[in-house]
Amino acid sequence: MRCLTWNDAYHAIAMQVLVDLPSRGPVDDVDIRTVEPILLLVHQKQFPRKAPFAYSDRLDFPSSRLPHLIPTGRKDLACFCLHRGSLDDWFAEHSVTDLVHRVQGWLRDAASNRLIREEDRFEGTRIDHAVGIIVYPARDLTGAVEAGWASSGGCQGSSYLMATLLKNQATGAYFSARISYRIDFVLPETPSGRLIDLFRKYNRVIDEKADEDRLLLGMLVWASKTAVTRYFGTLPASYGDLRNFCREIDIDLEAAAAPYRALGAQLLGGVPMVVALLRPHALIGEGTAVELLNFVILASEDHSNEDGTWKDEAPVMALSHRSPLTASFAREMSRESAEAPTRVALVGCGALGSKVSLHLARAGHVSQSLVDLADLAPHHLVRHGLPPEAVGKNKAEGLAGYIKSMYRLDESHVDVRSYPISIYDLLERPDEFLDTPFLIDATASTAVLNALVDTHDLPASLHFSRCEIAHAGRLGILLWEGTARNPRLDDLQAYLFHLGRHNRAIAEWLAAHRRTQQEERAEVLEEIGIGMSCSSTTMRLSDDVIAVHAALVASAYKLRDKWAREGLGRIQLSLLDVGSGVNAGTETLTVPPVLILDARDADAWQVRIHAHVVDKLRIWMKRAGRNETGGLLLGFAHRKRKVIYITDALPPSPDSKGTPYAFKRGVKDYPETLDEVGGRTGNLIGYVGEWHSHPQGPAELSEKDLLAVAEIRAHLDNAGLPTHIMVIAPKEIASFVFTTDY
């Protein structure tokens, strides 16, 4: 073992290692020996955080016959690829001795032809130390190569590439590499002199602007359609090397470069070039056997001859390929369906809405209509999804621009529309929703909720939902309508209040809301404002809390097509407790369609009964047999909307009496039950009427029933409340509502 100084950054440890060869010698006579000299390059400052590099220390190592090598710029060095992930992470838990054993294992597998597992495909060339990147959809270039082979009988060929040198500020933040190119498309034919002059003039105009993109033309060259089995342990570092490299894989590089130069297609000092060759099998992680190697030739005036040809010593640098962020690629990375998701209209681009929108956008859901009238203020940055440079912009427009900038290389597949107007104005333009099957309300506004409940002008196919945050961030709520708006948002809201009877989190929220109202000496509202607006500077709620609820809403909303097909309503609750510790969870409840009755004896009043209540009433009627039975109805009445929501019912009290001809309701236990219901629901759910059965039919009020109505009205009319009597018969249910003007 010898220790050497390699350069200013690395020391080298030279040693020999024993290799366990197959008993019959290396497979296919690959030149792996029993004793192999190796080098370990150890970084002087970063060791042991940075793992040593492992190299072969002989000039005739068979690099071209072996995979799992990291290409270098020196033909006399072969660098072993020892780990499929980060070698630094692996080395953090292992020693130098372990690393040497891993090198021995690599050499053993190389001799046994086991570097590539049977389930693996062909390993493409690794580019680990590129100085720049080149961005393009690989399928566009492999498609052009395959088309070239098809038209020429498999001969070598070349095409011109429309390219962009990415230098703008957004790109600087997007790509951190020193050199960044984008291949826009493969030109179908040789570019005209007029097009080249246009590009040259454009570059001249922006020459003094360092942060503007430049236009240029690159080259795509491909070998003949013969599989190349050799691996590349080194990559060319000069134009002479690149020309020889191409010759070895059956590409006459000068045959493509000479017309390129003669045409005047070199517009900048650097010339991006993509070299394509056929491998014997599909590449690992790819669906094609065509491998694309990316380079840039730095052929400035200093590296060009007087006749315009490029000097052999002109530097050539390898570029690392990056797939552009496209909507389909984002869906693939997010484990989403490959199909383009359905369009979503999001009303309210505040803290919660912006995060829901961005979660969906980052998962490739890029067909969105964003609606918000407000501008982004500085204090919104505490909780909003937009960056600081969006302050002063309209929220909907800023959010749309932000999403489009994420997919700047896939503009044709991004359809994000912004509406910097009020939702009330947009509701007067129903045509805007003709291609939008889903709408989600994230405004936390009771007025908007009322508008969406009451609207009848929007397309019947539009599916409504609403997301909100309640109880100082402890509770997130997603209300999802059923088919044909049944259950509707207001039905789901009523059922949500009802859940306070059995759900501790909801009960605590409603009780806290009730206490706040009492402290402020406010009356109980006809309906509670569930959500909280995040636009106020006085609201105390952290960004991470909103992000948790937004992520869960977005995760659920990715299921929107499936949920819509199932047809049921849904309530998703996200629970977050950050008191003594962090506890989180979700609960999703399905809500079947409600029974909708037009009330008799009262114009315009409607009764909406949750399905489980109907089931209860029928069970109680069946148990009573031929006798009438009855009890109380629970829910709440929306006087302005003229709707009574029935969320539950109470059975007959112990002191009630029923006969085949009449029912006399008692009172035992009812006061305590009503107090308990009111206490757990913040007094939002309470008495909203009475029910009784007519087992012999019909569902009409008898004279005795009308007398009972008069008695009840004597109490409720003075309070401005409707009197509601429900009659259930074997074949129908009827509701009778009596009101006075108020």
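Condition (residue is in contact with a helix residue (DSSP H, G or I) (Cβ under 7 Å, 6 or more places away or on another chain), touching a residue at least 60 places away in the same chain (Cβ under 8 Å) and part of a strand (DSSP E or B)) applied to the range 688-695: is it met by at least one residue? Taking every residue of the range 688-695 in turn, at least one turns out to be in contact with a helix residue (DSSP H, G or I) (Cβ under 7 Å, 6 or more places away or on another chain), touching a residue at least 60 places away in the same chain (Cβ under 8 Å) and part of a strand (DSSP E or B). Here Tyr181 clears all of (1) among the hydroxyl-bearing types (Ser, Thr, Tyr); (2) part of a loop (DSSP other than H, G, I, E, B); (3) buried (at least 17 other Cβ atoms within 10 Å of the Cβ) except the condition numbered (2). Within the set Leu66, Leu21, Leu39, Leu107, the sole residue that is crowded, with 19+ Cβ neighbours inside 10 Å and more than 20 Å from Phe122 (Cα to Cα) turns out to be Leu39.
I'd like to check something: does the range 548-562 contain any residue that is small (Gly, Ala, Ser), within 18 Å of Thr681 (Cα to Cα), crowded, with 20+ Cβ neighbours inside 10 Å and modelled with pLDDT of 90 or more?
No, the range 548-562 contains no residue that is small (Gly, Ala, Ser), within 18 Å of Thr681 (Cα to Cα), crowded, with 20+ Cβ neighbours inside 10 Å and modelled with pLDDT of 90 or more.
The residue of the range 712-742 that is farthest from Leu701 (Cα to Cα), among those that are among the charged types (D, E, K, R) and either part of a loop (DSSP other than H, G, I, E, B) or in contact (Cβ under 8 Å) with a residue 60 or more places away in the chain (or both), is Asp741.
Kindly evaluate Arg501 against the criterion of being more than 16 Å from Glu587 (Cβ to Cβ) and either buried (at least 24 other Cβ atoms within 10 Å of the Cβ) or among the basic types (Lys, Arg) (or both).
So Arg501 fails the test.
Among the residues of the range 572-589, the ones that are in a strand (DSSP E or B) and surrounded by fewer than 20 Cβ atoms within 10 Å (Cβ to Cβ) come to 8 in all.
For the range 239-280, a tally of residues being surrounded by 20 or more Cβ atoms within 10 Å (Cβ to Cβ) and of a type in the set (S, T, N, Q) returns 1. Scanning the range 346-404 for residues that are closer than 22 Å to Ile477 by Cβ and among the charged types (D, E, K, R) gives Lys355, Asp372, Arg383, Lys395. Scanning the range 350-390 for residues that are in contact with a Gly (Cβ under 6 Å, 6 or more places away or on another chain), within 19 Å of His549 (Cβ to Cβ) and part of a helix (DSSP H, G or I) turns up Ser354, Lys355, Leu358.
Looking at Leu701, is it within 49 Å of the chain's Cα centre (by Cα) and in contact (Cβ under 8 Å) with a residue 24 or more places away in the chain? Here the answer is no, as Leu701 does not meet what is asked. The set of residues from the range 365-380 being at pLDDT below 95 and crowded, with 16+ Cβ neighbours inside 10 Å comprises just one member, His380.
Give me a count of the residues in the range 708-742 that are small (Gly, Ala, Ser), under 16 Å from Ala637 (Cβ atoms) and out of contact with any strand residue (DSSP E or B) (no Cβ under 9 Å at 6 or more places or on another chain). Of the residues in that region, 2 qualify. On the stretch given as the range 590-624, residues that are closer than 16 Å to Asn486 by Cα, among the small types (Gly, Ala, Ser) and buried (at least 17 other Cβ atoms within 10 Å of the Cβ) total 0. Just one of Val414, Val453 is touching a Leu at 6+ places or on another chain (Cβ under 6 Å), of a type outside the set (Lys, Arg) and in contact (Cβ under 8 Å) with a residue 40 or more places away in the chain; which is it? Unique residue meeting the criteria: Val453.
Taking the range 312-341 as the range and being surrounded by fewer than 18 Cβ atoms within 10 Å (Cβ to Cβ), in a helix (DSSP H, G or I) and not charged (D, E, K, R) as the test, the residues that pass are Ser328, Phe329, Met333. The C-beta contact set for the range 224-241 (first residue in contact (Cβ under 8 Å) with a residue 12 or more places away in the chain, second residue assigned to a loop (DSSP other than H, G, I, E, B) and basic (Lys, Arg), distance under 6 angstrom, 6+ apart or interchain) comprises Thr234/Lys75. Scanning the range 206-255 for residues that are closer than 24 Å to Tyr160 by Cβ, part of a loop (DSSP other than H, G, I, E, B) and not β-branched (Val, Ile, Thr) turns up Asp207, Glu212, Asp213, Ala223, Ser224, Lys225, Leu235, Pro236, Asp250, Asp252.
So that you can scan it fast, the table gives a plain yes or no per residue for (1) farther than 29 Å from His463 by Cα; (2) out of contact with any Pro (no Cβ under 7 Å at 6 or more places or on another chain):
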residue	(1), (2)
Leu575	no, yes
Gly581	yes, yes
Arg600	yes, yes
His612	no, yes
Lys616	yes, yes
Gly630	yes, no
Ile646	no, yes
Leu650	yes, yes
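Counting only strands (runs of 3 or more DSSP E) that sit wholly inside the range 1-43, those with at least 1 residues that are touching a helix residue (DSSP H, G or I) at 6+ places or on another chain (Cβ under 9 Å) are 10-18, 35-43.
Residues considered: Thr234, Thr309, Thr288. Of these, the only one that is closer than 30 Å to Tyr202 by Cα, modelled with pLDDT under 95, surrounded by 15 or more Cβ atoms within 10 Å (Cβ to Cβ) and among the hydroxyl-bearing types (Ser, Thr, Tyr) is Thr309. As a summary of the residue check, Asn486 satisfies the conditions (1) in contact with a Pro (Cβ under 6 Å, 6 or more places away or on another chain); (2) more than 19 Å from Phe636 (Cβ to Cβ) except for the one numbered (2). Annotation note: Cβ proximity below 7 Å between a residue of the range 547-563 that is in the same structural domain as Leu475 (by TED's automatic domain parsing) and under 23 Å from Leu381 (Cα atoms) and a residue that is buried (at least 22 other Cβ atoms within 10 Å of the Cβ) and of a type in the set (D, E, K, R) (sequence gap 6+ or interchain) occurs for Ala547/Lys355; Ala550/Lys355.
The values are calculated or read from the model by the stated rules, or taken from the named source; none is laboratory data. For clarity, every value in this text was computed on a predicted model and none was experimentally measured. Backbone-built Cβ (ideal geometry, glycine too); neighbour counts: all protein chains shown.
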